[in-house]
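Chemist: Please read through the structure below; I'll follow up with questions.
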Amino acid sequence: MVKSETFPASRNRVEKVNAELVTLTYGTIVAQLCQDYENNYAQVNQQLDKMGYNIGVRLIEDYLAKTATARCNNFRETADMISKIGFKIFLNTTPTATNWSADGKSFSLILDENPLADFVELPDDGRAQDELWFSNILCGVLRGALEMVQMSIEAHFVSDTLRGNDSTEMRVTLLKYIDDELPPDDD
Amino acid sequence: MAAICSLFIINKSGGLIFYKDYGSAGRMDTNDSLRVASLWHSMHAISQQLSPTVGCSGIELLEADTFDLHCFQSLTGTKFFVVCEPGALHMEALLKVIYELYTDYVLKNPFYEMEMPIRCELFDLNLSQAVQKDRVALLGR
Amino acid sequence: MIGVGKIKQYSNVLDKPLSKGKQEVSLSAFSFLFSELVQYNQTQVDNIAELERRLEDAGYSVGARVLELLCHREKGNRRETRLLGILSFVHSTVWKVLFGKVADSLEKGTEHEDEYMISEKELLVNRFISIPKDMGTFNCGAFVAGIVRGVLDGAGFPAVVTAHFVPVEGQQRPRTTILIKFAEEVLRREARLG
């Protein structure tokens with residue numbers, strides 16, 4: 001009666017799509033927002049962050065289901081999971097987690113590759129290069145995803161190769177663990 | 001159908017967002033299912049606090065003389081539990097499969113609103129396949 | 001905005017070799033992104049027809065860029081000039097690049113000369129989506145219809161393109177048919193070319 005003998009195994013495989021489908025779809029989203037917000041890039045950044053948050057609170061369950069990871073012991077471990085597993089699974093790229101603050105509560109993610117921004121040029125209006133954070137959705141995704149596993153964080157871009165910077169860098173800061181019963185010791 | 005009587009999904013605040021019963025045994029009305037969900041949510045939380053060691057993640061299996069209750073809680077606090085015949089096999093694996101179906105057919109559906117009751121045709125369809133007896137048996141391999 | 005524009009001091013995108021398009025990311029990443037695209041657009045409209053139109057517009061700009069990209073990469077800057085050529089380009093080349101497979105079928109409408117249909121048992125964008133009952137016949141494939149319209153329009157084949165659920169005998173789930181109705185001028189030109 002059951003045809004698919006490979007049922008349990010097939011569910012564990014991570015299905016792939018051409019990165020260009022994601023690049024083009026994301027580009028369309030940003031273009032739509034620029035139009036809807038009449039090139040008010042501050043609002044576009046904000047909306048991208050909000051959309052990312054909505055994605056993050058859902059995506060975290062997909063991440064947990066696919067990786068079956070246990071709770072991280074400290075924020076450094078979390079940073080490692082984000083770059084080496086989270087980004088790897090979803091966007092097939094591994095940003096570097098670096099530039100840790102002395103208190104271990106903030107770090108930078110350096111994105112050497114960014115599938116969202118492949119063959120993208122910012123609008124040539126003399127403002128976008130200074131005001132638009134094209135990949136800002138990623139900040140929201142991290143914020144949403146981590147909030148669901150009891151970590152309140154702040155994330156923002158500090159540089160972007162699309163703006164002519166040398167690197168694309170996101171700064172991530174742990175604000176607090178949300179449930180005080182659960183937080184592990186952070187040293 | 002496998003030896004499953006019912007399946008519950010509870011959101012992180014203890015609200016019942018999905019309930020399905022399989023077969024006549026243990027069928028309950030909406031009020032009762034909501035009550036069971038919120039009771040289980042509380043008991044699960046209490047069990048974490050009762051634990052003599054730190055880091056307990058709550059009850060995973062409750063065994064009674066007429067049924068077993070298997071519970072899986074994701075790190076986000078979403079709980080999935082099945083009530084089944086005593087000694088029914090592969091229930092942990094089945095809960096994992098159901099969790100994956102939830103991440104696919106519920107969370108990737110733009111028309112599903114977070115924390116709200118689940119009404120997604122594709123989730124129902126895939127779920128009813130997953131709980132088939134022979135499918136569940138395959139989970140043991 | 002994407003992939004067009006002059007060389008600026010800020011950008012080196014035109015100096016970069018065009019990617020071969022072999023990079024892959026997870027289906028999940030796309031599905032969450034697409035889901036959010038639909039959710040965002042829902043907040044911007046008052047009714048389903050408008051939602052359909054906005055998704056189609058979003059798809060259109062993807063289609064326009066896909067055409068540019070593929071004509072350059074796969075066809076040495078040439079593009080199809082005949083009706084059947086462009087249709088098979090959409091059904092095979094475009095589909096393969098975007099959805100990883102050739103579309104299930106390409107058929108000519110039986111009732112109208114100007115209609116063609118591309119059908120897919122399970123459209124990638126619809127993989128995880130259940131349409132609520134109160135949304136009637138709405139199909140998120142409107143996005144894909146927009147992509148098709150974008151490609152066709154860019155290649156000089158203006159058409160009205162729509163997405164429909166079509167029940168299939170013996171199947172629990174309907175398939176999605178992308179219905180293409182070409183503009184009159186396209187058919188006249190085609191007839192002239194013989």
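Chemist: Considering the range B:46-75 alone, what residues qualify as being surrounded by fewer than 18 Cβ atoms within 10 Å (Cβ to Cβ) and within 10 Å of chain A (Cβ to nearest Cβ)?
Modeler: If the condition is that a residue be surrounded by fewer than 18 Cβ atoms within 10 Å (Cβ to Cβ) and within 10 Å of chain A (Cβ to nearest Cβ), then B:Gln48, B:Gln49, B:Val54, B:Gly55, B:Ser57 are the ones that fit.
Chemist: Here's something else I'd like to know. Take the residues in the range B:115-125 that are closer than 26 Å to B:Ser13 by Cβ and surrounded by 13 or more Cβ atoms within 10 Å (Cβ to Cβ), then tell me which one is farthest from the other protein chains (Cβ to nearest Cβ).
Modeler: B:Pro117
Chemist: Taking the range C:41-52 as the region of interest, how many residues are part of a helix (DSSP H, G or I), surrounded by fewer than 21 Cβ atoms within 10 Å (Cβ to Cβ) and of a type outside the set (A, V, I, L, M, F, W, C)? Lay out the reasoning, then the answer.
Modeler: Within the range C:41-52, the subset part of a helix (DSSP H, G or I) is C:41-43, C:48-52.
Remaining after also requiring surrounded by fewer than 21 Cβ atoms within 10 Å (Cβ to Cβ): C:42-43, C:48-51.
From what is left, the residues that are of a type outside the set (A, V, I, L, M, F, W, C) are C:42-43, C:50.
So the answer is 3.
Chemist: So how many residues does the range C:131-141 have that are more than 10 Å from chain B (Cβ to nearest Cβ) and within 19 Å of C:Phe30 (Cβ to Cβ)?
Modeler: Within the range C:131-141, residues that are more than 10 Å from chain B (Cβ to nearest Cβ) and within 19 Å of C:Phe30 (Cβ to Cβ) number 2.
Chemist: Hey, among the residues in the range A:65-75 that are in contact (Cβ under 8 Å) with a residue 60 or more places away in the chain and out of contact with any helix residue (DSSP H, G or I) (no Cβ under 6 Å at 6 or more places or on another chain), which one's surrounded by the fewest Cβ atoms within 10 Å (Cβ to Cβ)?
Modeler: So the first thing to find is which residues in the range A:65-75 are in contact (Cβ under 8 Å) with a residue 60 or more places away in the chain, and the list is A:71-75.
After this cut, where a residue has to be out of contact with any helix residue (DSSP H, G or I) (no Cβ under 6 Å at 6 or more places or on another chain) as well, the list is A:71, A:73-75.
Details: A:Arg71: 14, A:Asn73: 12, A:Asn74: 15, A:Phe75: 23.
Once the filter is applied, the top-ranked residue is A:Asn73.
Chemist: With the structure loaded, tell me whether A:Glu61 is within 14 Å of chain B (Cβ to nearest Cβ), surrounded by fewer than 17 Cβ atoms within 10 Å (Cβ to Cβ) and assigned to a helix (DSSP H, G or I) or whether it fails that test.
Modeler: Numbers: within 14 Å of chain B (Cβ to nearest Cβ): yes; surrounded by fewer than 17 Cβ atoms within 10 Å (Cβ to Cβ): no; assigned to a helix (DSSP H, G or I): yes.
Against the criterion (within 14 Å of chain B (Cβ to nearest Cβ), surrounded by fewer than 17 Cβ atoms within 10 Å (Cβ to Cβ) and assigned to a helix (DSSP H, G or I)), A:Glu61 does not qualify.
Chemist: If a residue must be without any contact (Cβ under 8 Å) to a residue 60 or more places away in the chain and part of a loop (DSSP other than H, G, I, E, B), how many such residues does the range C:110-125 contain?
Modeler: 5
Okay, residues lined up against (1) of a type in the set (A, V, I, L, M); (2) exposed (fewer than 15 other Cβ atoms within 10 Å of the Cβ):
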residue	(1), (2)
C:Lys121	no, yes
C:Ile131	yes, no
C:Thr137	no, yes
C:Gly146	no, no
C:Arg149	no, no
C:Gly154	no, no
C:Ala163	yes, no
C:Phe182	no, no
C:Arg189	no, no
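Chemist: Taking A:Gln35, is it more than 7 Å from chain C (Cβ to nearest Cβ), surrounded by fewer than 20 Cβ atoms within 10 Å (Cβ to Cβ) and touching a Phe, Trp or Tyr at 6+ places or on another chain (Cβ under 7 Å)? Walk me through it before giving the result.
Modeler: Numbers: more than 7 Å from chain C (Cβ to nearest Cβ): yes; surrounded by fewer than 20 Cβ atoms within 10 Å (Cβ to Cβ): yes; touching a Phe, Trp or Tyr at 6+ places or on another chain (Cβ under 7 Å): no.
Here the answer is no, as A:Gln35 does not meet what is asked.
Conditions (1) modelled with pLDDT of 95 or more; (2) closer than 21 Å to B:Glu113 by Cα; (3) not hydroxyl-bearing (Ser, Thr, Tyr), marked per residue:
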residue	(1), (2), (3)
C:Ser26	yes, no, no
C:Phe30	yes, yes, yes
C:Leu33	yes, yes, yes
C:Val62	yes, no, yes
C:Glu68	no, no, yes
C:Asn77	no, no, yes
C:Trp95	yes, no, yes
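Chemist: Considering each of C:Phe128, C:Phe157 in turn, give the residue that is assigned to a loop (DSSP other than H, G, I, E, B), modelled with pLDDT of 95 or more and either more than 14 Å from every other protein chain (Cβ to nearest Cβ) or under 21 Å from C:Ile86 (Cβ atoms) (or both). Steps first, please.
Modeler: Numbers: C:Phe128 fails: either more than 14 Å from every other protein chain (Cβ to nearest Cβ) or under 21 Å from C:Ile86 (Cβ atoms) (or both).
Result: C:Phe157 is the single residue among C:Phe128, C:Phe157 that is assigned to a loop (DSSP other than H, G, I, E, B), modelled with pLDDT of 95 or more and either more than 14 Å from every other protein chain (Cβ to nearest Cβ) or under 21 Å from C:Ile86 (Cβ atoms) (or both).
Chemist: Taking the condition of being outside any loop (DSSP other than H, G, I, E, B), surrounded by 15 or more Cβ atoms within 10 Å (Cβ to Cβ) and among the hydroxyl-bearing types (Ser, Thr, Tyr), how many residues in the range A:92-102 meet it?
Modeler: At the first step, the residues of the range A:92-102 found to be outside any loop (DSSP other than H, G, I, E, B) are A:96-98.
Now drop any that are not surrounded by 15 or more Cβ atoms within 10 Å (Cβ to Cβ), which leaves A:96-97.
So of that shortlist, the ones also among the hydroxyl-bearing types (Ser, Thr, Tyr) come out as A:96.
Counting residues in the range A:92-102 that are outside any loop (DSSP other than H, G, I, E, B), surrounded by 15 or more Cβ atoms within 10 Å (Cβ to Cβ) and among the hydroxyl-bearing types (Ser, Thr, Tyr) gives 1.
Chemist: Then there is this: Looking at A:Ile89, A:Ile82 in this structure, which one is outside any strand (DSSP E or B), touching a residue at least 60 places away in the same chain (Cβ under 8 Å) and buried (at least 21 other Cβ atoms within 10 Å of the Cβ)?
Modeler: On the way: A:Ile89 fails: buried (at least 21 other Cβ atoms within 10 Å of the Cβ).
Residue meeting the stated conditions: A:Ile82.
Chemist: Identify, from the list A:Gly56, A:Gly52, the residue that is away from chain B (no Cβ under 14 Å), within 19 Å of A:Trp133 (Cβ to Cβ) and touching a residue at least 60 places away in the same chain (Cβ under 8 Å).
Modeler: Selected residue: A:Gly52, the only one of A:Gly56, A:Gly52 that is away from chain B (no Cβ under 14 Å), within 19 Å of A:Trp133 (Cβ to Cβ) and touching a residue at least 60 places away in the same chain (Cβ under 8 Å).
Chemist: Right, next: Is it the case that some residue within the range C:53-76 is within 14 Å of chain B (Cβ to nearest Cβ), buried (at least 23 other Cβ atoms within 10 Å of the Cβ) and not in a loop (DSSP other than H, G, I, E, B)? Don't jump to the end; show me each part of the working.
Modeler: At the first step, the residues of the range C:53-76 found to be within 14 Å of chain B (Cβ to nearest Cβ) are C:54-55, C:58.
Now drop any that are not buried (at least 23 other Cβ atoms within 10 Å of the Cβ), which leaves C:55, C:58.
Filter once more, keeping what is not in a loop (DSSP other than H, G, I, E, B): C:55, C:58.
Looking for residues that are within 14 Å of chain B (Cβ to nearest Cβ), buried (at least 23 other Cβ atoms within 10 Å of the Cβ) and not in a loop (DSSP other than H, G, I, E, B), one finds at least one in the range C:53-76, hence yes.
The values are calculated or read from the model by the stated rules, or taken from the named source; none is laboratory data. On a predicted model such as this, the values are computed, not experimentally measured, just so you know. With ideal geometry, Cβ positions are generated from the backbone for all residues, glycine too; neighbour counts draw on all protein chains shown.
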